[in-house]
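Bear in mind that the values in this text are calculations on the coordinates, not laboratory data. Just so we're clear, the structure is a prediction, and the values are computed from it rather than from any experiment. As a convention, Cβ positions derive from the backbone with ideal geometry for all residues, glycine included, and neighbour counts pool all protein chains shown.
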Amino acid sequence: MAPLLLSLQTEGVFVSPLFMSILLLCSMSLFAGTMADRYWLLRAGERENRNDRLGDRLRALLSIGFGQKRLLYEKGAGWMHVGIFIGFLVVSLQTVTLIGRGFDPHFNLPFFDGPVGLVYAVVKDTFALIILLALAYAAFRRLVVKPKRLHLSAEANLILLWIASLIASDLLGDAAALRLDPGNHGHGYAWLSTALSGLFAGSETATVQTWFNYMFWFHNIAVLAFLNFLPFGKHFHVLTALPAVFLRRLTPSAALEKMEFEGMETFGVGKLEDFSWRRFLDMYTCTECGRCNDMCPTDLTGKPLNPRSIIVNERDQAYAMADHLTAVGKLKGAGKTAAATALIEAQERPALIGEVNDEEAIWACTTCGYCQTHCPVMIDHIPNIVDQRRHLVMMEAKVPSVLQGALKGLENNSNPWNVSAAGREDWIGELEVPRMRDNGTAEYLLFVGCAGSFDSRNVEVMQALCVLLNEAGVDYAVLGTEEGCCGDPAYRSGRWPGRAVVVPGSAVAIEVRMLRVRPSAAVWFPVDRIVFLPVARTPNHRQGHVLIDLLKIAQPPVRGG
Ligand code: HEM
Ligand code: SF4
Ligand code: SF4
């Protein structure tokens, strides 16, 4: 049989199945124990179904997980991470091989003792170099550039060093093996190790063997220690990021979770155990990269909210209460809900809203969605924050004074300004604007929204739009006084908008093709309606699209051409 690629062909190398077994047994049982603790802690959360639409989940896993799409929003740091991530996947085959060689020096993965192994040797050494370059860039960023968004922790530096030592020990181990075995097929293919084997030129065989032994065992011990270290810090994401992407929320980013009322005694989230299990996965997965903070309007304007802190603060509390949460998770897992509730109630802890998270921060979020559409590991900040608002509003009747008037207006007149509902079509004035009550078969319903009806600047926009639609001969109509608020302001404030807020006409609006004007309604209205009204999704058109379509048809001459 041909000599195996980079297998240990020479005497004097220390291979001990007994030592390797003890090492594996200790490290894997420790790891299994930690992961079991993390699992039960996560089970302290409430149930939430994330097993649906497997095709969509796989697509997300491929593009956002393996394709690293969101990391690449920022080119430098993005490509750096791609190098580390893909490199790590490639090198992990070598890691498995080296562990196998702790038992049998000739061990190779299936098919790897022929041409496949030679190709792998080229690819592996190439990625080893890519990882080292990416790590050097990461260290440069952390120690010299120090971007504002990064949390410059010692843990991050330690991990960079740790990974570098894993790669270096692998390369030097292979280099020593090649020097000890001049006939090895890996010569030239494992090109970096071949080059490094020059370092041993002129060394005694015993010296090279010692080097090999140190590198081989250092690598195996360091990799198993690394695995055990991961769950204790932000690099837990190495294990949880791909599951987190796969188990992402599939409803549109703008939509909020539907509230359950039946059989519920509490609403929203007032303590960690009220969160769904997914929020705990978020806590495990946050890399503290600060991308969510980057353009958060409240963080940028110096308000007390920054979305990363919300996740990190909650994680700190979860770990501080790990024993309690693990016990709750086990009770919930066993279906002992009453015992779990008793345990939760008996537990003293700093208040989630007020002590862990600043109450002002919970109210500061504009629900713009920047954070969650940029988080590379699919953490959803808005449901997290709005659930806490729901608790404040519905359980503690705490609403900031500035919001009280708006909510009252919604209840009394179905608009946040509390202007008389009867004046909802006053904006039309002398304009010719068809009403649905007169033209029930109109092709489009123009949903004017509260701002379009009552805010003077928006009224002008709405009037101009109607002039254009009239000119273009679009078959449309408005609801007029039958229109109500889409419910968005109440919804975002943590109050579930009941029928008292949304007049029946708004529900009609989604059953025809709709032109929406109000920017947030353009995002939320069709989406959220579908969440809480049992009607089918219907095509929606923003007025811009209809106008663009009309302009395309009209082909207006280009001025100055
Ligand atoms: C083999 C798996 C992975 C490894 C070894 C790994 C390793 C690392 C390392 C070493 C860092 C720190 C880089 C620095 O110093 O800034 C990091 C950061 C990060 N990782 Fe991973 N990672 C893995 C998987 C993933 C996956 C699958 C995702 C997302 C889909 C992800 C998202 C991130 C993010 C967002 C950061 C912060 C990057 C930044 O600050 O710009 N990682 N990862
Ligand atoms: S929540 Fe997402 S974007 Fe924000 S710091 Fe954590 S991983 Fe980064
Ligand atoms: S949704 Fe809230 S937390 Fe996220 S970026 Fe917008 S304001 Fe900031």
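Remarks
- Residue 398-residue 103 FRET efficiency (beta carbon distance; Förster radius 56 Å; 0.05 resolution): 0.35
- Listed peptides 416-428, 125-137 by packing density, highest first (mean Cβ within 10 Å): 125-137, 416-428
- Listed peptides 144-157, 402-415 by packing density, highest first (mean Cβ within 10 Å): 402-415, 144-157
- Folded to 0 to 90 degrees: helix 17-42 orientation relative to the chain principal axis, Cα: 10
- Debye log10 I(q)/I(0) for the chain, one point scatterer per Cα, at q = 0.12 Å⁻¹: -1.17
- The label-point distance for residue 36 and residue 116, in a model that sets each label 7 Å from Cα toward Cβ, rounds to 3.5 nm.
- Packing-based ranking, highest mean first, of 381-388, 110-117 given that Cβ atoms within 10 Å are counted: 381-388, 110-117
- Approximate spin-label separation residue 126-residue 432, in nm, with each point projected 7 Å along Cα-to-Cβ: 6.9
- The range 299-391: GluC sites (Glu not before Pro) falling in loop per DSSP and having at most 16 other Cβ within 10 Å: 348, 355
- Radius 10 Å from Cβ of residue 153, net charge of other residues (Lys, Arg +1; Asp, Glu -1): 0
- Computed FRET value (nearest 0.05) for residue 457 with residue 86, which takes r as the C-beta separation and R₀ as 56 Å: 0.65
- Among the listed pairs 258/330; 234/332; 148/234; 75/148, those with a Cα-Cα distance over 23 Å are 258/330; 234/332.
- Between 0 and 90 degrees, the angle of helix 543-554 with respect to the longest Cα principal axis of the chain falls at about 80 degrees.
- Virtual paramagnetic centre 7 Å along Cα→Cβ of residue 366, amide N under 19 Å, in the range 291-320: 291-310
- Low-density loop positions, chymotrypsin sites (Phe, Trp or Tyr not before Pro), the range 226-318 - DSSP coil, at most 11 other Cβ in 10 Å: 261
- Label positions at residue 141 and residue 168, each projected 7 Å from the Cα along the C-beta direction, are separated by 2.1 nm.
- For residue 191 and residue 73, the difference between the fully extended length at 0.36 nm per residue and the C-alpha to C-alpha distance is 39.2 nm.
- Nearest 10 degrees, 0 to 90: helix 401-413 Cα axis against the chain principal axis: 50
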